[in-house]
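The values are calculated or read from the model by the stated rules, or taken from the named source; none is laboratory data. All figures in this text were calculated on a predicted structure; none of them were measured in a lab. Because the Cβ atoms are built from the backbone with ideal geometry, glycine has one as well, and the counts that use them run over all protein chains shown.
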Amino acid sequence: MKLLQNLFGGGDVQRDRIAIADLEIKTADLLAAKAELERQQEEEKVRVGDKVLRLLLDYEAAKRRHQLLSSQLETLEQQREVTRIAYKFGRGSTSQILGMEDRRDRLSEQLVEVEIEREKSVKEILQLTAQKL
């Protein structure tokens, strides 16, 4: 009886063919899922790479700004000292000295802000690279 069913497309042979076809479909689904995961992984690599590059550029910009502000602060300190000496000898004005004090305070605040930006960039870079290692 089984022999007749197998000969006419039924029975165990048909069941085996259906099982093979089902396995082939599942294999194709797994390969497609694998390809999608690989695509997503590549996208993530590009995204992280772009973010690290942006953070490095931000860090470099903050570093240059820090150098500029430090230089300006140093120059202002020298000018302030000259103005204070001149003020002791009756030249210059109180408003001139107060203006320099105000400028020094603003430069110092900007310097702190730039240091915070730099540290933030470094922390983000370290966090990104530590996750991916």
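From the list 129, 83, 75, exactly one residue is modelled with pLDDT under 90 and among the β-branched types (Val, Ile, Thr). Which is it?
129
If we scan the range 77-84, do we find a residue that is in contact with a Lys or Arg (Cβ under 6 Å, 6 or more places away or on another chain) and among the hydrophobic types (A, V, I, L, M, F, W, C)?
No: zero hits.
Mind checking which residues of the range 78-95 are among the charged types (D, E, K, R) and free of Cβ contacts under 8 Å to residues at least 24 places away in the same chain?
Across the range 78-95, the qualifying residues are 81, 84, 88, 91.
Pull up the range 64-83, narrow it to residues that are surrounded by 15 or more Cβ atoms within 10 Å (Cβ to Cβ) and over 17 Å from residue 113 (Cα atoms), then point me to the one that is nearest to the chain's Cα centre (by Cα).
76
Restricting attention to the range 81-126, report how many residues are more than 30 Å from residue 48 (Cβ to Cβ) and in a helix (DSSP H, G or I).
26
Can you name the number of the only condition in (1) closer than 30 Å to residue 130 by Cβ; (2) more than 25 Å from the chain's Cα centre (by Cα) that residue 61 fails?
(2)
Within the range 84-112, work out how many residues are under 32 Å from the mean Cα position of the chain (by Cα) and surrounded by 14 or more Cβ atoms within 10 Å (Cβ to Cβ).
Summing the residues that are under 32 Å from the mean Cα position of the chain (by Cα) and surrounded by 14 or more Cβ atoms within 10 Å (Cβ to Cβ) in the range 84-112 gives 3.
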